[in-house]
1. Could you tell me whether the stretch 23-40 includes any residue that is more than 17 Å from the chain's Cα centre (by Cα), at pLDDT below 85 and in a helix (DSSP H, G or I)?
2. Are any residues in the stretch 12-50 within 30 Å of Ile69 (Cα to Cα), of a type in the set (Gly, Ala, Ser) and surrounded by 10 or more Cβ atoms within 10 Å (Cβ to Cβ), and if so, which ones?
Amino acid sequence: METVSRYTIFAGVVLVIVGALLYSAAKLNLSIGRLPGDLAFSGANATIYLPCATSIIPSILLTVILNLILRPSNK
């Protein structure tokens, strides 16, 4: 139960930090959307937006962070 508590606290701290960063970015008019690899298709009645590059960047960052945190030690 102690391990679950630690992971829950860690997840909460990460969410607070991410929320603060997003809030600050909104106040500074910074946006990570509309990167060069993102696709947008407009038709007569609809627009389809596929954020390919915007999805890949957080995926790579989360993969690196989680691998560093959850890497088993060789002790």
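1. Yes, the stretch 23-40 contains a residue that is more than 17 Å from the chain's Cα centre (by Cα), at pLDDT below 85 and in a helix (DSSP H, G or I).
2. Selection gives Gly12, Gly19, Ala20, Ser24, Ala25, Ala26, Ser31, Gly37.
The values are calculated or read from the model by the stated rules, or taken from the named source; none is laboratory data. It should be emphasised that the depicted structure is a prediction, and the values quoted were computed from it without experimental measurement. Please note: Cβ atoms are built from the backbone with ideal geometry, for glycine as well, and neighbour counts cover all protein chains shown.
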